[in-house]
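S.K.: One structure is given below, represented as structure tokens, and several questions about it will come after.
FYI, it's all coordinate maths here, none of it is from the lab. Since the model is a prediction, treat every value here as computed from it, not as a measurement. Every residue, glycine as well, gets a Cβ built from its backbone with ideal geometry; the counts of neighbours run over all protein chains shown.
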Amino acid sequence: MASIRKMRGKWYSRVRWYDNTIGKQKEYLQPLRTDNKTVAHKRNQIVTKYQDDIGSGMEFEFPWMTDGGETKIKEMTLGEAVDSWIERRIKQPDIRPSTIEINKNGMSHLYNTVPNTYPLKSITTEHMDAFRDDLVDKGLSIATINMHLRTAKSFFRYVWKRGTIDRLPMIEMVDTNDTLPIYLTDDDFHEVLNEVGVDSFYGQVFFFYRETGVRLREPFISSLDGNWLDIPNLSKGKRPRSIELSDFLVEVYKELCEWADTCGLSKGSRGRHLSKKFKKVLRKCGVNESKHLHSLRHTYAVRQRVMGIPLATIQAHMGHRSITTTEIYAKLELKKLRRHFPTLISQYTEEQIEAEKVLKTPIRDTDLRDTDQYKQLFIEKKSIN
């Protein structure tokens, strides 16, 4: 139980606890705003009910501090509430340090969507939907995404049970049964370019992402060496790799870098800006909203698959650490993929198709006619302007 202490003629409730993180005892003095010892004891009993939460960093407005007559939790920011939650979990002996680190990592991802200075009570389901979309756009695995979402769920249950928020925001997990990669078909991509403008900056950038298969932030941490895009081992796969670009894609990349230098956004925010723009375009043109800018990376891999590129080569192009990650593209039905990317197989002869049925291996003589068409359109539009 908290004790009482008199200082300068006024009584205070003294809450003491042991802080495992610094290995010392800490103390908090809650003003009781009375010089009457009997009243001080009664008010101290109220403070005692909340001493564990006070030790976790939460602040309260007690009845004698306001005119409301009720004990209320002081308005908190997201960051303050997260710090309180983490501190509380550190004190629990059954929670391993590795779990605490996972929790911290998950909440740091949340800060990318909702700033840590944002009022806790103002966070809604829409914020959590944006958080989920941001995790998907980063190209994280479904298991990792759901781990971060579960962390957020645990946090919000904690603050809700303590009355810090009035309602729980809904947090929807990513369906683990839907493990096949989400990609854009030829028709989907045509709709995107028609909506945004084939000659526009964003049209060229989206084309660049589809043609290179790079992750969301990789263009902003990479360097150009002639026609080679050198990607360091700072991205998710932790494997440096180089991608050969056509002359046209080199020009697009230079424009993207010029935009990055002048847009006033941080490296992390640049990718999120492009991702939000892409989602907005998808909504406008009626393409399935389960697709994201990261879906263009999947689209690149799927197109490679349709062209018959070996999985080991696709793994190297994508920067996957394990071939197991790449093998997910082999689960996609090739017949269906060919319907979705008809221009990639438009030069197949009947003999080739029949031979492939017998050999059960993809023919690698393909036609990238749609890529050439887009490239020519970009060039023609530039020459007109």
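S.K.: Would you mind getting me the FRET efficiency between V39 and A143? Use the beta-carbon distance for r and R0 = 56 Å, nearest 0.05. Before the final figure, lay out each step's value.
M.R.: Numbers: r = 55 Å, r/R0 = 0.99.
So the FRET efficiency works out to roughly 0.50.
S.K.: Could you work out how far apart the two model spin labels at T77 and D166 are, taking each label as a point 7 Å from the Cα in the direction of the beta carbon, and quote it in nm?
M.R.: Between T77 and D166, the label points sit 2.3 nm apart.
S.K.: Which trypsin sites (Lys or Arg not before Pro) in region 159-229 sit in a loop by DSSP (not H, G, I, E or B) and have at most 11 other Cβ atoms within 10 Å of their own Cβ? All intermediate terms of the calculation are to be shown ahead of the outcome.
M.R.: Working: sites: K161, R162, R167, R210, R215, R217; in loops: R162, R167, R215, R217.
Answer in residue order: R167.
S.K.: Roughly how many nanometres apart are two label points built 7 Å out from the Cα toward the Cβ at Q92 and K254?
M.R.: The two pseudo-label positions are separated by 5.6 nm.
S.K.: When the scattering of region 78-161 is computed by the Debye formula from its Cα atoms alone, each counted once and equally, what is log10 I(q)/I(0) at q = 0.20, 0.25, 0.26 Å⁻¹?
M.R.: Values, matching the q order: -0.92, -1.37, -1.45.
S.K.: Here is the link list: K291/K331; K91/K138; K91/K276. Which ones come out longer than 29 Å on Cα distance?
M.R.: Numbers: K291/K331 19 Å; K91/K138 32 Å; K91/K276 39 Å.
In this structure, K91/K138; K91/K276 exceed 29 Å between Cα atoms.
S.K.: Filter the trypsin sites (Lys or Arg not before Pro) in region 272-347 down to the DSSP loop ones having no more than 15 other Cβ atoms within 10 Å, then list what survives. Display every interim value, and only then the final one.
M.R.: Numbers: sites: R272, K276, K277, K279, K280, R283, K284, K291, R297, R303, R305, R321, K331, K335, K336, R338, R339; in loops: K291, R321.
Sparse-neighbourhood loop trypsin sites (Lys or Arg not before Pro): R321.
S.K.: A further question on this structure: Do any of K277/K336; K10/K104; K26/K267; K153/K254; K6/K49 go past 32 Å between their Cα atoms, and which?
M.R.: Distance filter (> 32 Å) returns K10/K104; K26/K267; K153/K254.
S.K.: Counting other Cβ atoms within 10 Å of each Cβ, which trypsin sites (Lys or Arg not before Pro) in region 67-156 have at most 14 and sit in a DSSP loop?
M.R.: On the way: sites: K72, K74, R88, R89, K91, K104, K121, R132, K138, R150, K153; in loops: K74, K91, K138.
For trypsin sites (Lys or Arg not before Pro) across region 67-156 that sit outside H, G, I, E and B with at most 14 neighbouring Cβ atoms in 10 Å, the list reads K74.
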